[in-house]
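Below: the structure, in structure tokens.
The values are calculated or read from the model by the stated rules, or taken from the named source; none is laboratory data. What you see is a predicted model; the values in this text were computed from it and never measured. Cβ atoms come from the backbone with ideal geometry, glycine included; neighbour counts cover every protein chain shown. Please note that ligands, DNA and RNA were not included when accessible areas were found on the heavy atoms of the full protein model with its side chains. Shrake-Rupley method; radii C 1.70, N 1.55, O 1.52, S 1.80 Å.
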Amino acid sequence: KDKIAEIVYSLSGGKEKARANQDGSAKEQKVFKNIAISTGEASLLNYIKGESSGAGVFGRVLSIDTDQYEIFNSKEEADILENSYKNNYGLFGYEFCEWLYEQCKNEDILEKWQDSYTNYKDNNYNKIEHHTSTRKANHIALLQMGYDILDNFLSSKGINIYLRPTVFDDYLLEADTMSIEQDIYTNAYNEVIEYIYSNPNRVYQSDR
């Protein structure tokens with residue numbers, strides 16, 4: 001548990017640890033793109049709470065509660081998907097890749113997706129207060145786009161997904177609130193200011 005926050009920070013950094021050459025110059029850092037998914041009875045954020053790493057780690061974790069949305073409108077829709085992947089041994093995934101490949105050939109569709117992503121991202125930025133939440137605003141914009149794309153594909157197969165419209169806002173605002181609460185530097189500053197206001201005679205003297 002005491003290493004979880006450190007691991008999350010390292011994985012999400014996008015580059016290996018900085019090291020120096022013998023002459024003191026900085027070694028070239030290898031960079032990477034990745035995504036890590038964790039599931040369990042307890043949220044990953046619960047393990048990070050109380051760590052001294054502060055809001056930086058919170059800005060790199062997105063907690064999704066599956067109870068907040070319904071995947072299917074009916075059992076029949078769920079059966080269609082279940083039969084598809086059971087009877088075709090994963091070919092349903094290949095169908096999605098083929099469909100996506102064909103969609104990406106259309107410049108108008110690509111431009112529409114890019115504009116949609118930009119709009120999602122800008123709207124998310126306007127809803128947050130803490131600077132570290134911009135990372136999650138970007139991540140959630142990708143989720144929103146991913147949902148739109150997957151929804152288009154499944155609709156073409158006669159499968160409809162219902163996602164509560166405000167679920168992404170809930171994730172974003174919850175993450176923003178948590179980042180604000182866990183900002184150790186801002187909180188420390190606020191405590192100092194509060195102490196000064198509460199104890200003016202201990203901080204300064206007046207000639208009057």
- Message: Could you check region 92-118 and list, in sequence order, the residues that are open to solvent by 90 Å² or more (accessible area, probe 1.4 Å) and either under 17 Å from the mean Cα position of the chain (by Cα) or farther than 26 Å from THR166 by Cα (or both)?
- Response: TYR94, GLU98, TYR101, GLU102, LYS105, GLU107, ASP108
- Task: Return the residue satisfying two criteria in turn: it lies in region 36-63 and is under 18 Å from ALA137 (Cβ atoms) and touching a Leu at 6+ places or on another chain (Cβ under 6 Å), and of such residues it is modelled with the highest pLDDT.
- Result: VAL61
- Task: Check whether at least one residue in region 19-36 is closer than 21 Å to TYR171 by Cβ and hydroxyl-bearing (Ser, Thr, Tyr), and report yes or no.
- Result: no
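Does HIS139 count as part of a loop (DSSP other than H, G, I, E, B) and either open to solvent by less than 70 Å² (accessible area, probe 1.4 Å) or not polar (S, T, N, Q) (or both)? Break it down into steps so the answer makes sense when it comes.
Values: part of a loop (DSSP other than H, G, I, E, B): no; either open to solvent by less than 70 Å² (accessible area, probe 1.4 Å) or not polar (S, T, N, Q) (or both): yes.
Answer is no for this residue.
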- In the set THR132, THR166, THR177, THR118, which member is in contact with a Ser or Thr (Cβ under 6 Å, 6 or more places away or on another chain) and not acidic (Asp, Glu)? THR132
- Query: Which residues, taken from region 106-150, are polar (S, T, N, Q) and in contact with a helix residue (DSSP H, G or I) (Cβ under 7 Å, 6 or more places away or on another chain)?
  - Reply: SER116, ASN124, THR132, SER133, THR134, ASN138, GLN144
- Message: Just the residues that are aliphatic (A, V, I, L, M) and open to solvent by less than 30 Å² (accessible area, probe 1.4 Å), please, taken from region 150-162.
- Response: LEU154, ILE159
- Residues of region 1-13 satisfying the condition of being surrounded by 11 or more Cβ atoms within 10 Å (Cβ to Cβ), free of Cβ contacts under 8 Å to residues at least 40 places away in the same chain and of a type outside the set (A, V, I, L, M): SER10, GLY13
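Can you find a residue that is under 14 Å from the mean Cα position of the chain (by Cα), within 26 Å of ILE37 (Cα to Cα) and not in a helix (DSSP H, G or I) anywhere in region 151-164?
No, there is no match, as no residue in region 151-164 is under 14 Å from the mean Cα position of the chain (by Cα), within 26 Å of ILE37 (Cα to Cα) and not in a helix (DSSP H, G or I).
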- Item | The lone exception for THR66 - which of (1) modelled with pLDDT of 75 or more; (2) loosely packed, with under 11 Cβ neighbours inside 10 Å; (3) under 20 Å from the mean Cα position of the chain (by Cα) it fails | (1)
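Mind listing just one residue for me: the one in region 126-136 that is in a helix (DSSP H, G or I) and over 17 Å from ASP170 (Cβ atoms) and, of those, most open to solvent (accessible area, probe 1.4 Å)?
Filtering first and then ranking leaves ARG135.
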- Item | Meets criteria (at pLDDT below 85 and of a type in the set (Gly, Ala, Ser)) for GLY146 | no
- Single residue of ALA78, ALA5 found to be out of contact with any Ser or Thr (no Cβ under 8 Å at 6 or more places or on another chain), of a type in the set (A, V, I, L, M, F, W, C), modelled with pLDDT of 75 or more and in a helix (DSSP H, G or I): ALA78
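Among the residues of region 106-113, are any in contact (Cβ under 8 Å) with a residue 24 or more places away in the chain and charged (D, E, K, R)? First the steps, then the outcome.
At the first step, the residues of region 106-113 found to be in contact (Cβ under 8 Å) with a residue 24 or more places away in the chain are 113.
If we keep only those that are charged (D, E, K, R) too, we end up with none.
Checked against the condition, which is being in contact (Cβ under 8 Å) with a residue 24 or more places away in the chain and charged (D, E, K, R), region 106-113 yields no hits at all.
For THR177, indicate whether it is open to solvent by 30 Å² or more (accessible area, probe 1.4 Å), among the polar types (S, T, N, Q), part of a helix (DSSP H, G or I) and in contact with a helix residue (DSSP H, G or I) (Cβ under 7 Å, 6 or more places away or on another chain).
No: the conditions fail for THR177.
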